1. Apply the a/c threshold of 1.5 to the C-alpha gyration tensor of the stretch 50-106 and tell me whether it is rounded, prolate or oblate.
2. Can you give the extra length, in nm with one decimal, that the chain gains between residue 34 and residue 139 once fully stretched, where that is 0.36 nm per residue apart less the Cα-Cα distance?
3. For the stretch 2-177, what does the alpha-carbon gyration tensor say about shape, rounded, prolate or oblate, given a ≥ b ≥ c as the root eigenvalues, a/c under 1.5 as rounded, and a/b over b/c as prolate?
4. Rounded to whole Å, give me the distance from the Cα center of the stretch 109-133 to that of the stretch 19-65.
5. Testing the spin-label approximation: label points 7 Å from Cα along Cα→Cβ at residue 106 and residue 72. State their distance in nm.
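Since every read-out is calculated from the coordinates, none of them should be taken as a lab result. None of these values were measured; they are calculated from a predicted model. As a convention, Cβ positions derive from the backbone with ideal geometry for all residues, glycine included, and neighbour counts pool all protein chains shown.
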């Protein structure tokens, strides 16, 4: 019992030092609505709070009730321009909100679920808000190589593309700082 307690203390110290050695922050966001009669963006911007913390604010409105929402997500890595990387996923958002069935979507949703009002099943209608969202390395459950990445999400209502959200972020590990 005593060694277990010591083990957990050492693990906590290591992880707290490790999180100081990681830069994990937003670098750019682009939102584009293709059908303004279904979805409008009111705000889509980043705000620098400090040198290490950048928050994301997205405010949009679904103008008509929608019961069939799908997302197509891809992660790109910057290597002389953004190149497709390992992760690509298609998710039925209505089904996902009932039961977290997709591990990639679960990882992404777990990062921002406490900063949004998108926490219910279909139908989606009205304001959809992400406010004050910032990246925390302790919530990232997958190892990433250092670099700049872009998460591209294409949102489809009734199998028709409605809008895109492209969010770029830096992930840099500097173990020397730990």
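1. On the way: a/c = 2.00, a/b = 1.34, b/c = 1.49.
Oblate, since a/c reaches 1.5 and b/c is not below a/b.
2. Working: separation 105, 0.36 × 105 = 37.80 nm, distance 3.20 nm.
So the extension gain works out to 34.6 nm.
3. prolate
4. Result: 12 Å between the Cα centres.
5. Here the answer is 2.5 nm between the modelled labels.
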